[in-house]
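Notes follow once the structure below has been shown.
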Amino acid sequence: MSKIVVVGSANADLVIHSGKMPLLGETLTGSDFQVNAGGKGLNQTVAIAKLGGDVSFLGAVGNDGNGEMLIHCLEDNGAVFKGLRMENTPTGVAVIIVVQGDNFIILDPGANGKLTPDIIQENAHIIAKSDYCVLQLEIPIDSICKVCQIAKANGTKVVLNPAP
């Protein structure tokens, strides 16, 4: 079986449904509030794990409750967390308002934005030992370039989802 590493984002998604978008200064009552594990990198990792893949996740979360929830989500779905728990930096959060099936999203990247090329280099062995590396564009672009350099040097195939 191929060994896969996903390098990317992990967020706590705060989702609320509303009949309409609020106007400036307006407060509305919403419904069906949920806190979900999200972020394109985490979602890809969980999808691969659910399909039976040998997958690990390299990303960054804060040393907070949201970070713990995301790590548990990965582990509960059969993925291995090989990322970082960052002190003094919160886990990324997406605030999602759902109006008649359309999403309106505001993102604070939090720890995702601190996944630097230096941190990628320190974890190069994870990429080098993988057959495939899956990426998206929710971490710094310099870090994505560093991942690709390491992958190329070690014969690791790269799959890039150019989202968002």
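We did not get these values from a lab; they are worked out from the coordinates using the rules stated. Just so it is clear, the model here is predicted, and its values are computed rather than measured. Glycine also receives a Cβ, built like all others from the backbone with ideal geometry; neighbour counts cover every protein chain displayed.
Taking N as the residue count of the range 13-93, its C-alpha radius of gyration divided by 2.2 N^0.38 Å amounts to 1.33.
Which GluC sites (Glu not before Pro) from the range 69-164 combine a DSSP loop assignment with at most 16 other Cβ atoms within 10 Å? Counting only loop positions with at most 16 other Cβ atoms within 10 Å, the GluC sites (Glu not before Pro) in the range 69-164 are 87.
When a/c reaches 1.5 or more, the comparison of a/b and b/c decides; with that in mind, is the range 1-52 rounded, prolate or oblate per its Cα gyration tensor? Since a/c reaches 1.5 and a/b is larger than b/c, the shape of the range 1-52 is classed as prolate.
For the chain, the ratio of Cα radius of gyration to the globular rule of thumb 2.2 N^0.38 Å stands at 1.09.
Helices in the chain, meaning DSSP H runs of at least 4 residues, each add -39500 (n - 2.57). Divided by all residues, the mean residue ellipticity at 222 nm is -8500 deg cm²/dmol. The charge dipole of the range 64-156, taken about its Cα centre with unit charges on the Cβ atoms of Lys, Arg (+1), Asp and Glu (-1) only, comes to about 360 debye. Spin-label pair residue 24-residue 82: with each label point 7 Å from Cα along the Cα-Cβ axis, the two points sit 4.9 nm from one another. Here each label is just a point 7 Å from Cα along the line to Cβ, and for residue 160 and residue 102 those points are 3.1 nm apart. In this Cβ point-charge picture (+1 for Lys and Arg, -1 for Asp and Glu), the chain has a dipole of about 580 debye about its Cα centre. Remark on the range 64-148: ratio of C-alpha radius of gyration to 2.2 N^0.38 Å is 1.23. Just tell me which lysines come within less than 25 Å, Cα to Cα, of residue 3; anything on the same chain fewer than 8 places away is out. Within the straight-line cut-off, residue 3 pairs with 40, 50, 82, 129, 146, 152, 157.
Rounded to the nearest 0.05, the FRET efficiency derived from the C-beta distance between residue 2 and residue 142 at R0 = 22 Å is 0.20.
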